[in-house]
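Asks: Right, I'll just put the structure down here and ask away after.
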Amino acid sequence: MKYLIANWKMNSIDIEEWQNRFNKTLKLIKKDIEIIVCPNYLDIIKCSQQAPNLIMAAQDVSIHDDGPFTGQISAYQLSRSSEQLKYCLVGHSEVRFKGDSNSIVKKKSQKLEGCNINSILCVGEDESILNKGEREKFLLNQLDSYFQDGLCPKFIAYEPIWAIGTGIPADKKNIDDALKIISIFLKEKKLKKIPLLYGGSVSSKNVEEIMSSDILSGCLVGNASLDGEEFARIAKKF
Ligand code: 13P
C-alpha cells in the first residue's frame, strides 16, 4: 500500500475547484494508494460535506482534554468533527517551531490515541544539524522520546526542515540515509513495521525519483498539493 498525503497548512483552498481539478486529471485512483488530505480545522467539516469519500487528517491537536485553552482543539472534538477524519499530524516542524517539545508531541499522540485518531509522526533535522553531522543523533532522540509507553504512530514522515518549502527536495542519498536510521531504530526496538513517508518539496517533477526508494511508502506534500491538478499528477506517478 502507498500513501499520499496533502498538507494544505493554512492555505485557503476552494474544495470544489480542487476536487474538480483532481478528478479531471486522475480519473481512477489505483486500489493500492490511500489519499489523505489535511485541511485546516474549519475546512474539515466543509470537506466532509463536499467530498464524502475523502479521508482526512487534522494538522494539530491540543494536549488538553477540555477547558480554558483559547484557540485550541481537543482530540475528542476532532473525533466528533467528521467520520472521515482518521489521522492527525504530530511533530510537524512548523508546529515544533511554535514550541512543541518531544514530550508535547508524545502527549498529543496519546490524546489522539485515546480518541481513536491515528498519528502521523513527523521528524526531521534543520540544516545546521545536517551540516554538523548530527542528524542520526537528532532523529534518534526525536524517535526515542516518542516510542515509550507502547505509543505507536500510523506513519512516520521524514521531513528535513532544510527541504520544506524550498522547491528543492532532499536528494535520494539523504532520504535513504535518514530512512535507514528510522528503520534500524524500529527494528532494534522490535516495533512493528510502520510505513515511512518523505516530505519536503515533493512535486510531480521529482516524485518518481523520490518514490524509487524501496523503504518509502509514500509522501507528505505541501505546496504541490494546493492545486488539485498537480496533486493528481503526483498520484498518477505513484
Ligand atoms: P512542501 O511540500 O511545501 O515543501 O511542504 C512539505 C511539508 O511540510 C508537508 O508537511
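The values are calculated or read from the model by the stated rules, or taken from the named source; none is laboratory data. Because the structure is a prediction, the values reported are computed rather than measured. Cβ coordinates were reconstructed from backbone atoms using ideal geometry, including for glycine residues, and neighbour counts include every protein chain displayed.
Asks: With (1) among the basic types (K, R); (2) closer than 25 Å to S203 by Cα; (3) out of contact with any helix residue (DSSP H, G or I) (no Cβ under 6 Å at 6 or more places or on another chain) as the list, and R80 as the residue in question, which single condition is left unmet?
Replies: So the condition that R80 fails would be (2).
Asks: Is it true that L197 is assigned to a helix (DSSP H, G or I) and modelled with pLDDT of 95 or more?
Replies: So L197 fails the test.
Asks: Are there any pairs, at least 6 apart or on different chains, whose C-beta atoms fall under 6 Å, with the first in the stretch 1-17 and within 19 Å of V90 (Cα to Cα) and the second within 10 Å of the ligand (Cβ to nearest atom) and of a type in the set (S, T, N, Q), and if so, which?
Replies: Pairs found: A6/S225.
Asks: Out of (1) outside any loop (DSSP other than H, G, I, E, B); (2) crowded, with 20+ Cβ neighbours inside 10 Å; (3) in contact (Cβ under 8 Å) with a residue 40 or more places away in the chain, what's the single condition that is false for M56?
Replies: (3)
Asks: Then there's this: Out of K180, K107, which single residue is among the charged types (D, E, K, R), out of contact with any Leu (no Cβ under 8 Å at 6 or more places or on another chain), over 20 Å from L196 (Cα atoms) and not in a loop (DSSP other than H, G, I, E, B)?
Replies: The conditions single out K107.
Asks: Before we move on, is N7 of a type outside the set (A, V, I, L, M, F, W, C), under 17 Å from E229 (Cα atoms) and surrounded by 18 or more Cβ atoms within 10 Å (Cβ to Cβ)?
Replies: Judged against the criteria, N7 is a match.
Quick grid of which residues meet (1) without any contact (Cβ under 8 Å) to a residue 60 or more places away in the chain; (2) within 14 Å of the ligand (Cβ to nearest atom); (3) surrounded by fewer than 18 Cβ atoms within 10 Å (Cβ to Cβ):
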site: D149; (1), (2), (3): yes, no, yes
site: C152; (1), (2), (3): yes, no, yes
site: I161; (1), (2), (3): no, yes, no
site: T166; (1), (2), (3): yes, yes, yes
site: D177; (1), (2), (3): yes, no, yes
site: I182; (1), (2), (3): yes, no, no
site: E188; (1), (2), (3): yes, no, yes
site: Y198; (1), (2), (3): yes, yes, no
site: V207; (1), (2), (3): yes, yes, no
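Asks: Something else about it: Could you run through the stretch 74-127 and say how many residues are on the phi > 0 side of the Ramachandran plot and surrounded by fewer than 19 Cβ atoms within 10 Å (Cβ to Cβ)?
Replies: 2
Asks: Could you please let me know if A170 is in contact with a Gly (Cβ under 9 Å, 6 or more places away or on another chain), within 16 Å of the ligand (Cβ to nearest atom), part of a loop (DSSP other than H, G, I, E, B) and within 17 Å of C219 (Cα to Cα)?
Replies: For A170, the condition - in contact with a Gly (Cβ under 9 Å, 6 or more places away or on another chain), within 16 Å of the ligand (Cβ to nearest atom), part of a loop (DSSP other than H, G, I, E, B) and within 17 Å of C219 (Cα to Cα) - is met.
Asks: Can you name the residue in the stretch 88-129 that is of a type in the set (A, V, I, L, M) and away from the ligand (no atom under 16 Å from the Cβ) and, of all such residues, is nearest to P169 (Cα to Cα)?
Replies: I129
Asks: Could you look through the stretch 200-223, keep only residues that are under 11 Å from L4 (Cβ atoms) and of a type outside the set (S, T, Y), and pick out the one that is nearest to the chain's Cα centre (by Cα)?
Replies: That would be L220.
Asks: Tell me which residues, restricted to the stretch 12-53, are modelled with pLDDT under 95, in a loop (DSSP other than H, G, I, E, B) and closer than 25 Å to R80 by Cβ.
Replies: Correct list: A51, P52, N53.
Asks: Please count how many residues of the stretch 133-150 are in a loop (DSSP other than H, G, I, E, B) and out of contact with any Leu (no Cβ under 9 Å at 6 or more places or on another chain).
Replies: 5
Asks: Another question, then. Would you please name the residue that is farthest from the ligand (Cβ to nearest atom), looking only at residues in the stretch 212-227 that are closer than 13 Å to Y158 by Cα and among the aliphatic types (A, V, I, L, M)?
Replies: Filtering the stretch 212-227 for residues that are closer than 13 Å to Y158 by Cα and among the aliphatic types (A, V, I, L, M), the one farthest from the ligand (Cβ to nearest atom) comes out as I215.
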